[in-house]
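The values are calculated or read from the model by the stated rules, or taken from the named source; none is laboratory data. Computed from a predicted structure; not experimentally measured. Because the Cβ atoms are built from the backbone with ideal geometry, glycine has one as well, and the counts that use them run over all protein chains shown. Only protein heavy atoms, including side chains, enter the accessible area calculation; ligands, DNA and RNA are left aside. Shrake-Rupley method; radii C 1.70, N 1.55, O 1.52, S 1.80 Å.
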Amino acid sequence: MDKQKNIDWTYEAVNFLIGLYPIKKEKDFEVIYTRATNLIKKHAHAKAAAFVRMEDKLTVRKHANTSEHFLNRFNNATLVLTLLEKNQIVFDTDNAFPKEEGEEVVFIPLSESGFVGAVLLLIDEELKSDELLKFLEYALVGLKETAFIIQNYFLIEELTTRFNAILETIPQGIVFVDDVGKGGWVNSQAAEILDIPKERNHPVAIAEAMQQLRNTAANKDEIIQEGMRLFRTPGQKIHHWKWIFGNPITSVLSVSCVPTISENIKGRLWVFTDVTFQHLANEQLYELNTELAEKRRIADDQNKAKSDFLANMSHEIRTPMNGVIGMASLLTNTELSEEQIDYVETIRISGEALITIINDILDFSKIESGKIELENKPLYINNVIEETYDLLSVNANNKGLDLLYFIEPTVPLEIEGDITRLRQIMINLVSNGIKFTEKGEIQVNVKNLGLEDDDFYKLEFTVKDTGIGIPKEKYYRLFESFSQVDSSTTRKYGGTGLGLAISQRLITLMGGSIRVESEVGKGSSFIFHIKARAHKSVKKYNTININTEKVSLKNKKVLILDDNKTNLKILKAQCSIWGMNATTFEYFEDALASIEKEDYDLVIIDMLMPVKDGIEVTNIIKELCKDLPVILFSSSGNHHLLSLKENTRLFEAILNKPTRHSQILKAIEEVLSKSTKSAPRIIDAVEEVAPSLPINILIAEDDSINQKLLKRVLEKMGYMADIAENGLEALKAMEEKRYHLIFMDVMMPEMDGFEATRIIVEQYPKNIRPIIITTTANALTDDREKAILAGMDDYISKPFKMQDVKDKLDKWKDEILAKVEQ
Ligand code: ADP
């Protein structure tokens, strides 16, 4: 008890804290706790003290430099663990620790900052008191605080190390200067950029170095101005501020400056990034782009100039060419020897081939220089195909090729579009098909791919042939201008390599695209689509204007015999659309066998077949079944056979190939409705009008396709018509040759049809003046009146059919003949 009285615990507590102060500067937990343990021992007047640490749940590690002797008596991890859980200073009342008489052990838990352990004191039992406990509690608070400080110290040290590592590894130069001019720092990269030692980090020194750097910049004035703006407004930041050095440029810095605001220090953080490489690359790219844009502009100009030149040249060439052809046809009208006729024909044919090429070039250059505008007028899709076939049937017949088509029933037949241009595409593709096919057929299919927005139908056209095909690796060149798959074939097949290029561009103008599918030796398919509105009048989309009311074709049984499988397929489909029941045969033996068994209403038969032709087979059919009506498909090549009367009598109708579906329907209807048999009618056969009406005809028309079409139609009637490109040329042609009939287009460049007609009416007396028939696209009454007023005799509205032209010739025949005699 005496001992107790002599101790001033407040004094001891103060001295403990004072003693702890230098320990706070230590950086090692072990050292701190060991020293603190000794300090506690001293001020608590303990006999011995130990500092233990829990390594894990089973191991207590004793620190050697505390009281060795005391520690050796104690080795009980479970006990320490139990006491630690209590987390308070305790006297060993249960005598759990080994001790001697008159001794007491005090357990002081230490669990701070991930450190788990305790200080154990061995004291004289007499010292055990509330005061001692209080002293120890003070001591513990001091220890905890020390631990906290040290933990933060470690944390800061770790962060500083990390921060410095980052600062030194990034490629940017980083500078910090505070606003009050007291502190600042730079990283090594910044020190290098500013050319100062890294240690010279006083803000004034840094500011001076930055100023110096700025002054050496090539864009110094700009930098200073921008800097003034930056510092005028507090809180203002800047990024991508270019500091450019050297002329020519040697280096470029991209500078960022942002204010850093913390509670204690306000300042600015500067980041310098070396962007020399990017800057130079960008400059070079910019220069290149400008150069490229300029080159492109020049190339576009040149291209346009080229197209304009081509357009002009083709026009210029065409004029004398018309002279050549015109003169050649004049020559044919004179008396010539066989040999001379042959020469003149060659001149005429070559001239016409040349005109076709020139027309292609003209068209192409017109499209290229953006001078083509598409019409948007109602047109019938079947007309486009049928007119194309009319135009090309001679070439196809010469090679024995079938021209077939099928329009799916869902296709709106009457659409709005540009018939001339659509026909031009079709003519290009079909004539290529004919050109590159020796055997088989050309087939056009039209499909409706569906309605798109704005009521536009996506219509797909396929032109398929059974010709030589195109190797896949050549596809990409097909639609290029002036390109041909194999230049060696050019000599064989001719052509300019422009047809597909023109078609593709026209298709693009129609909102579509074209592609090719082909197999060498098997044939090619050119597939394109266009976007078109159905004409307002079209409500229900069905195939060609069927009028099945007069004679119901429903369930009528028809037998079709043809060696062409595609044709059989098409006809069968077409017949089923008309409500009929078609059975098809490829071999005549099978067909005859079927006729013997079945009760057919009608037979459709092809003329040209291997083994037995149409006439021979029909002869057998008629023997088998006298009253069974037969319709024959014939090509112009077989007319001599058909001219024999007894042969024609075999058939109820004869249709000329390529057959129009509307004609087939008409023929079927007529044949089936006819009760009594009369002589067969040859429908749309080539009727030569020329022998009964030998006259000279002039076509004044600027559009090459329309020219060709009318010329072909007239050729079929036996006329060699001449062509004038416009009103002026028509007048010129009239000076050189006497014409009896002129088909005059209204809209033409240089001089239109009205003007030309007015002049003709003025210059030529009525009795010798040719009959002038205007060919106009818009059959408006307005135009008709204008035409009559100008002195035109009649009009025919485009698109016209062969029959329309024939009707006009019939109508004016007498009057023209009267004039011929003048
Ligand atoms: P052209 O027929 O006037 O030479 P095109 O542009 O119409 O020009 O055709 C280019 C080339 O594409 C042709 O020369 C030919 O080699 C190839 N080609 C076009 N259509 C066919 C086809 N149906 N079959 C095979 N080759 C074709």
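Name the single residue, out of those in region 346-369 being open to solvent by less than 60 Å² (accessible area, probe 1.4 Å) and away from the ligand (no atom under 16 Å from the Cβ), that is farthest from ARG505 (Cα to Cα).
ARG348
Which residue pairs have Cβ atoms under 6 Å apart, sit 6 or more places apart or on different chains, and have a first residue in region 81-98 that is touching a residue at least 24 places away in the same chain (Cβ under 8 Å) and a second that is β-branched (Val, Ile, Thr)?
Short answer, once both residue conditions are applied: ILE89/ILE108; PHE91/VAL106; PHE97/VAL105.
Filter region 158-179 for residues that are touching a residue at least 12 places away in the same chain (Cβ under 8 Å) and either loosely packed, with under 12 Cβ neighbours inside 10 Å or farther than 19 Å from SER262 by Cβ (or both) and give the result.
Answer for region 158-179, where residues must be touching a residue at least 12 places away in the same chain (Cβ under 8 Å) and either loosely packed, with under 12 Cβ neighbours inside 10 Å or farther than 19 Å from SER262 by Cβ (or both): GLU168, ILE170, PRO171, GLN172, GLY173.
Looking only at region 792-814, count every residue that is in contact with a helix residue (DSSP H, G or I) (Cβ under 6 Å, 6 or more places away or on another chain) and part of a loop (DSSP other than H, G, I, E, B) and tell me the total.
Final tally of qualifying residues: 2.
Against the definition (open to solvent by less than 20 Å² (accessible area, probe 1.4 Å), in contact with a strand residue (DSSP E or B) (Cβ under 8 Å, 6 or more places away or on another chain) and at pLDDT below 70), how does LEU110 come out, yes or no?
Against the criterion (open to solvent by less than 20 Å² (accessible area, probe 1.4 Å), in contact with a strand residue (DSSP E or B) (Cβ under 8 Å, 6 or more places away or on another chain) and at pLDDT below 70), LEU110 does not qualify.
Can you tell me which residue in region 650-669 is most open to solvent (accessible area, probe 1.4 Å), limited to those that are closer than 12 Å to PHE633 by Cβ and in a helix (DSSP H, G or I)?
Only one residue fits best here, namely GLN663.
Out of (1) within 16 Å of the ligand (Cβ to nearest atom); (2) open to solvent by 20 Å² or more (accessible area, probe 1.4 Å); (3) not in a loop (DSSP other than H, G, I, E, B), the odd one out for ASN397 is which?
Here ASN397 meets the rest and fails (1).
Between residues in region 431-453 that are on the phi > 0 side of the Ramachandran plot and residues that are within 15 Å of the ligand (Cβ to nearest atom), which pairs lie under 9 Å by C-beta distance while being six or more apart or on different chains?
Sorted first by the residue in region 431-453, then by its partner, the pairs are GLY440/LEU401; GLY440/ASP465; GLY440/THR466; GLY440/GLY467; GLY440/GLY523.
So, in region 408-436, exactly how many residues are open to solvent by less than 10 Å² (accessible area, probe 1.4 Å) and away from the ligand (no atom under 16 Å from the Cβ)?
4
Quick one: TYR405 ticks every box in (1) surrounded by fewer than 22 Cβ atoms within 10 Å (Cβ to Cβ); (2) more than 15 Å from the ligand (Cβ to nearest atom) except a single one, so which number is it?
(1)
Condition first: in a strand (DSSP E or B) and either on the phi > 0 side of the Ramachandran plot or in contact with a Lys or Arg (Cβ under 8 Å, 6 or more places away or on another chain) (or both). Now tell me which residues in region 107-138 satisfy that.
Listed by number, the residues that qualify are PRO109, GLU112, PHE115, VAL116, GLY117, LEU121, LEU122, ILE123, ASP124.
For region 559-600, give me each residue that is open to solvent by 60 Å² or more (accessible area, probe 1.4 Å), part of a helix (DSSP H, G or I) and either closer than 15 Å to ILE668 by Cβ or among the β-branched types (Val, Ile, Thr) (or both).
Scanning region 559-600 gives LYS572, SER576.
Would you check if there is a residue in region 226-234 being among the β-branched types (Val, Ile, Thr), out of contact with any Pro (no Cβ under 8 Å at 6 or more places or on another chain) and more than 14 Å from GLY267 (Cβ to Cβ)?
yes
Can you name every one of the strands (runs of 3 or more DSSP E) wholly within region 693-760 that holds 3 or more residues which are open to solvent by 10 Å² or more (accessible area, probe 1.4 Å) and out of contact with any His (no Cβ under 6 Å at 6 or more places or on another chain)?
none
Name the residue that is surrounded by the fewest Cβ atoms within 10 Å (Cβ to Cβ), counting only residues in region 129-154 that are at pLDDT 90 or above and either in contact with a Gly (Cβ under 8 Å, 6 or more places away or on another chain) or among the aliphatic types (A, V, I, L, M) (or both).
Ranking the qualifying residues of region 129-154, first place goes to LEU133.
If you check VAL80, VAL60, which single one turns out to be at pLDDT 75 or above, touching a strand residue (DSSP E or B) at 6+ places or on another chain (Cβ under 7 Å) and open to solvent by less than 40 Å² (accessible area, probe 1.4 Å)?
VAL80
In this structure, does ILE385 turn out to be open to solvent by less than 50 Å² (accessible area, probe 1.4 Å) and modelled with pLDDT of 85 or more?
In short, yes.
Does ILE695 satisfy the criteria of being within 30 Å of ILE355 (Cβ to Cβ) and at pLDDT 85 or above?
yes
Scan region 219-226 and give yes if some residue there is open to solvent by 40 Å² or more (accessible area, probe 1.4 Å), within 30 Å of GLU352 (Cα to Cα) and at pLDDT below 95, otherwise no.
No, region 219-226 contains no residue that is open to solvent by 40 Å² or more (accessible area, probe 1.4 Å), within 30 Å of GLU352 (Cα to Cα) and at pLDDT below 95.
I'm trying to understand the selection: among the residues of region 30-65, which are among the aromatic types (Phe, Trp, Tyr) and over 28 Å from GLU131 (Cα atoms)?
Scanning region 30-65 gives no hits.
Could you count how many residues in region 6-26 are closer than 13 Å to HIS45 by Cα and either assigned to a loop (DSSP other than H, G, I, E, B) or not aromatic (Phe, Trp, Tyr) (or both)?
Residues that pass the stated criteria total 6.
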